[in-house]
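Here's the structure, in structure tokens; my notes come after.
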Amino acid sequence: MVAPFSPLSQFQKADNADKWEGLQPGRPVKAILPHGADLTQTGLSLPSKLDLKQWQEVGEQLCKMDRIMQWAIGDWWCFGYHAYGDRHAIATAKALPYEFGSLMNLGYVARKVKTSLRNEVLSFTHHATVAPLPPDEQKEWLLLAVAEGLTVKQLREHIHSKEQTHLNEHPELRARQRAEDLLSKAHRALPLQQDGFLVSPSDLDLLDDRYVQDLLAAIRKVAIIYSSTVEQLERCQKYRSSSDDVAEDGIIVQQAAE
């Protein structure tokens, strides 16, 4: 059964798939901003006399630093997870003034895309796009993105197109993927409110007619879709069960004849 993955469980799944080999050194960078620009706790300090070219160079350096910090935070998490164990690492990470799910997402990409495959020309999001793929495919797509100057959107479209072609050539994989997608959606819907109403009667009393009408229309559509799917699955299950009974009866009859 496929369960929905939280950012933490997604990282743990990725981590379990490959042996941790430690952090690989990359090319050092200077984090100092040019032309007298300084970072503060609440923003950026710029000198009053700054020409357009200098202002652009400060922006370019800030963008590089932003990309570097995404990798740095992801690598920081991966190191701590293995150096101190998941319990201590998670407790420490949750105490940081940083959204835990975002941190886990950075850690997932850092864990999946090895240092040797990371490309300075491309954004962190380019790498996040190829992170679910095997290393050889990651390398192939990242090189293509550099060679053709692909945006993140274009890279996603290229990968999706190739995956769809592959799934169309292998119907059993397409069926399994669709089933996994449905399982994930169903599991995400379950914890909404298992111990009571999705919307309490007291809350409903405070909503105007428009909200109630919109809620009813949206949830009715979901209910119809899931009800139809339940009927399909039950018919499939019943058919397979009856087929198994026939097969078992056939074996018994054949054995009796022998």
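Of everything listed in (1) assigned to a helix (DSSP H, G or I); (2) out of contact with any Lys or Arg (no Cβ under 8 Å at 6 or more places or on another chain); (3) under 19 Å from Gln24 (Cα atoms), the single unmet condition for Asn119 is (1). Taken as a whole, the structure leaves Ala147 outside the set of residues that are part of a helix (DSSP H, G or I), closer than 20 Å to Cys78 by Cβ and free of Cβ contacts under 8 Å to residues at least 24 places away in the same chain. Quick check: is even one residue across segment 219-228 surrounded by 11 or more Cβ atoms within 10 Å (Cβ to Cβ), at pLDDT 70 or above and charged (D, E, K, R)? The answer is no, given that none of the residues of segment 219-228 is surrounded by 11 or more Cβ atoms within 10 Å (Cβ to Cβ), at pLDDT 70 or above and charged (D, E, K, R).
In segment 216-230, the residues that are more than 18 Å from Leu183 (Cα to Cα) reach residues that are hydrophobic (A, V, I, L, M, F, W, C) with C-beta atoms within less than 9 angstrom, at least six apart or across chains, in these pairs: Ile219/Leu198.
Taken as a whole, segment 13-20 holds no residue that is aromatic (Phe, Trp, Tyr), free of Cβ contacts under 8 Å to residues at least 60 places away in the same chain and loosely packed, with under 15 Cβ neighbours inside 10 Å.
Here segment 74-96 is the region considered, the condition is being closer than 23 Å to Phe124 by Cβ, under 21 Å from the mean Cα position of the chain (by Cα) and touching a residue at least 24 places away in the same chain (Cβ under 8 Å), and the residue that is surrounded by the most Cβ atoms within 10 Å (Cβ to Cβ) is Gly74. Residues of segment 16-58 that are assigned to a loop (DSSP other than H, G, I, E, B) and closer than 19 Å to Lys114 by Cβ: Asp18, Lys19, Trp20, Glu21, Gly22, Leu23, Gln24, Pro25, Gly26, Arg27, Pro28, Val29. Screening Glu99, Glu57 for residues that are touching a residue at least 12 places away in the same chain (Cβ under 8 Å) and farther than 18 Å from His127 by Cβ leaves exactly one candidate, Glu57. Has segment 193-207 got any residue that is modelled with pLDDT under 85, of a type in the set (Gly, Ala, Ser) and part of a helix (DSSP H, G or I)? Yes, segment 193-207 contains a residue that is modelled with pLDDT under 85, of a type in the set (Gly, Ala, Ser) and part of a helix (DSSP H, G or I).
Cβ-Cβ contacts under 6 Å between residues 6 or more apart (or on different chains), taken from a first residue in segment 110-135 that is touching a residue at least 12 places away in the same chain (Cβ under 8 Å) and exposed (fewer than 15 other Cβ atoms within 10 Å of the Cβ) to a second residue that is in a helix (DSSP H, G or I) and of a type in the set (Phe, Trp, Tyr), are absent.
The values are calculated or read from the model by the stated rules, or taken from the named source; none is laboratory data. A quick note: this is a predicted structure, and the numbers were derived from the prediction, not measured. Note: ideal-geometry Cβ built from the backbone for every residue, glycine included; neighbour counts use all protein chains shown.
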